[in-house]
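S.K.: This is the structure, below, for whatever I ask next.
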Amino acid sequence: MENLWKYLTGILVIFITWTVLSFLISSQLILPDPLMVLKTLISELQKSEVLEALVITLSKIGVVLATTVTFGVLIGFFIGLNDVVYDILRPGILVIQAVPIITWLALVMFIWGIGWLGPVIVSILSLLPHTILSTAIGIRTTDKRLIEMAKVYRVPRSKVIRNIYLGSIVPQLLSALQVIIGNVWKVVVVAEYMCGDKGIGVLIAWARQSVAVEKVYAYTAIIILIGLIVENILNHFVRKLLKNWELV
């Protein structure tokens, strides 16, 4: 309950700060007041095309998260088990990680054009390397003495993977998940803005073209609210997961 009050207090501080800045700037084209944005938000959520765009954006985010976590953990796990493979593949993964999003956007637009697939591919390419490396580092930092002890006592391979390897990568993996959850919304929406045909990012692009600044803020608020909800759900899931490894 105490954490809830702190959370609500933080939101209130943001609201007051926003109101004061909007009053000082005195330009609805730069920073509309929060009440106007709230009214626009409620109005837009009653439109079927906005709800459809939201569902499309959420579907992309779901695909990106599922793909990034699944393949990132699997690839990182096997890379981390073999020093030679890790040393060979790590430079390439770092190069992919360092490529700017705008470059991926340009390449995707050349290959696939405007559509649903482009933002998904760009987002996966932007987020997957971090998950792979985080998992691989977790595997490589596993206590070798525990593995040797497991061999001596002939512990089943399944228990070694679950209790030793997975237990070792949990901190790195959870850290990677926090980064992914914090960035996937921004990456997907930016990609939609540049090469999407439907979605919240496309609505933001249309709002910009019509100079509807309050709509830009309203659509952004939708993504922020959903992001906060998902982050809180993830934190709840993380705490339950950590208890399985007796980390909390």
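No lab work stands behind these numbers, since they all come straight from the coordinates. Everything numeric in this text was worked out from a predicted model, so none of it was measured. Positions of Cβ are generated from backbone atoms using ideal geometry, with glycine treated the same way; all protein chains shown enter the neighbour counts.
S.K.: Would you mind computing, in nm to one decimal, how far apart the modelled labels at Phe15 and Arg208 are, each placed 7 Å from Cα along Cα→Cβ?
M.R.: Reported label-point gap for Phe15 and Arg208 is 3.0 nm.
S.K.: While we're here: How far, in nm, would the chain grow between Ile25 and Gln46 when pulled straight, counting 0.36 nm per residue and subtracting the alpha carbon separation?
M.R.: Working: separation 21, 0.36 × 21 = 7.56 nm, distance 3.00 nm.
Gain on stretching Ile25 to Gln46: 4.6 nm.
S.K.: Next question. Given +1 on the Cβ of Lys and Arg, -1 on the Cβ of Asp and Glu, and no further charges, what dipole in debye does the chain carry about its Cα centre, rounded to the nearest 20?
M.R.: 900
S.K.: Assuming R0 = 45 Å, what is the FRET efficiency of Asp197 and Glu148, from their Cβ-Cβ distance, to the nearest 0.05?
M.R.: On the way: r = 55 Å, r/R0 = 1.22.
Here the calculated transfer efficiency is 0.25.
S.K.: Counting other C-beta atoms within 10 Å, which of Glu44, Glu231 has the fewest, and how do the rest follow?
M.R.: Neighbour counts put them in this order, fewest first: Glu231, Glu44.
S.K.: How would you rank 222-228, 50-56, highest first, on the average number of other Cβ atoms within 10 Å across their residues?
M.R.: 50-56, 222-228
S.K.: Additional query: Of Tyr7, Ala53, Pro91, which is farthest on the positive side of the dipole of the chain, counting Cα position, with +1 on Lys and Arg Cβ, -1 on Asp and Glu Cβ, and the Cα centre as origin?
M.R.: Among Tyr7, Ala53, Pro91, the one farthest towards the positive end of the dipole of the chain is Pro91.
S.K.: Now for a different question. Between Phe237 and Tyr7, what's the calculated FRET efficiency when r is the beta-carbon distance and R0 is 22 Å? Round to 0.05.
M.R.: After rounding, the FRET efficiency stands at 0.75.
S.K.: Here's a follow-up. Among the aspartates and glutamates, which have Cα under 18 Å from the Cα of Lys6 when same-chain residues fewer than 8 positions away are ignored?
M.R.: Glu231
S.K.: Which one, (1) 141; (2) 156; (3) 176, gives volume of the Cα convex hull per residue in Å³ as derived from the coordinates shown?
M.R.: (2)
S.K.: Kindly rank 208-220, 106-118 from highest to lowest mean number of other beta carbons found within 10 Å of each residue.
M.R.: Highest mean packing first, the order is 208-220, 106-118.
S.K.: Then there's this: Per residue of the stretch 83-91, what does 6.51 cos²θ - 1.76 cosθ + 1.60 with θ = phi - 60° give for ³J(HN,Hα)? Whole Hz please, x for Gly and Pro, Karplus curve as stated.
M.R.: Calculated HN-Hα couplings, in order: 5, 5, 4, 4, 5, 6, 8, 4, x Hz.
S.K.: Percentage of Cα-Cα pair distances in the stretch 32-92 greater than 17 Å, rounded to whole percent?
M.R.: Numbers: 1177 of 1830 pairs.
For the stretch 32-92, the fraction of Cα-Cα distances above 17 Å is 64 percent.
S.K.: Okay, helix-only estimate at 222 nm for the chain: each DSSP H run of n ≥ 4 adds -39500 (n - 2.57), divide by all residues, round to 500 deg cm²/dmol; what do you get?
M.R.: After summing the helix terms and dividing by the residues of the chain, the value is -28000 deg cm²/dmol.
S.K.: Just add up the charged neighbours of Ser27: K/R +1, D/E -1, any other residue whose Cβ is under 13 Å from the Cβ of Ser27.
M.R.: -2
S.K.: Ranked highest first by average number of other Cβ atoms within 10 Å, how do 25-36, 65-76 line up?
M.R.: Listed from highest to lowest mean packing, they are 65-76, 25-36.
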